[in-house]
Amino acid sequence: MLLPGSPAHLRGYLFEFFPKLKSVEEQRRPSAEAIKEALLQAGFASVQIEEGDRWTLWIATK
């Protein structure tokens, strides 16, 4: 999910004016599940991803 345009997030305006850039950006980013799987393969024992306005990633470390 991409943030809408605002004074604090200028890229959002670009996605509004150039919709093709939005699809390019969405394809460029890995899915939350792909990130979770990569972290687990890298040795992280517990990874939780919560969906909200933005993705929140929780990693348990020792």
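I need the full set of residues from segment 4-30 which are free of Cβ contacts under 8 Å to residues at least 12 places away in the same chain, touching a helix residue (DSSP H, G or I) at 6+ places or on another chain (Cβ under 6 Å) and assigned to a loop (DSSP other than H, G, I, E, B), in order please.
Gly5
Which condition number does Glu33 fail, the rest of (1) assigned to a helix (DSSP H, G or I); (2) at pLDDT below 85; (3) open to solvent by less than 100 Å² (accessible area, probe 1.4 Å) being met?
Glu33 satisfies all of (1) assigned to a helix (DSSP H, G or I); (2) at pLDDT below 85; (3) open to solvent by less than 100 Å² (accessible area, probe 1.4 Å) except (3).
Counting only residues that are under 16 Å from the mean Cα position of the chain (by Cα) and of a type in the set (Asp, Glu), which one in segment 1-30 is modelled with the highest pLDDT?
The extreme case among them is Glu25.
Among the residues of segment 39-48, are any part of a helix (DSSP H, G or I), at pLDDT 85 or above and either touching a Gly at 6+ places or on another chain (Cβ under 8 Å) or surrounded by 10 or more Cβ atoms within 10 Å (Cβ to Cβ) (or both)?
Scanning segment 39-48 turns up at least one residue that is part of a helix (DSSP H, G or I), at pLDDT 85 or above and either touching a Gly at 6+ places or on another chain (Cβ under 8 Å) or surrounded by 10 or more Cβ atoms within 10 Å (Cβ to Cβ) (or both).
The values are calculated or read from the model by the stated rules, or taken from the named source; none is laboratory data. Computed from a prediction, not measured in an experiment: that's the story for all the values here. With ideal geometry, Cβ positions are generated from the backbone for all residues, glycine too; neighbour counts draw on all protein chains shown. Side chains included, ligands, DNA and RNA excluded: accessible areas come from the protein's heavy atoms. Shrake-Rupley method; radii C 1.70, N 1.55, O 1.52, S 1.80 Å.
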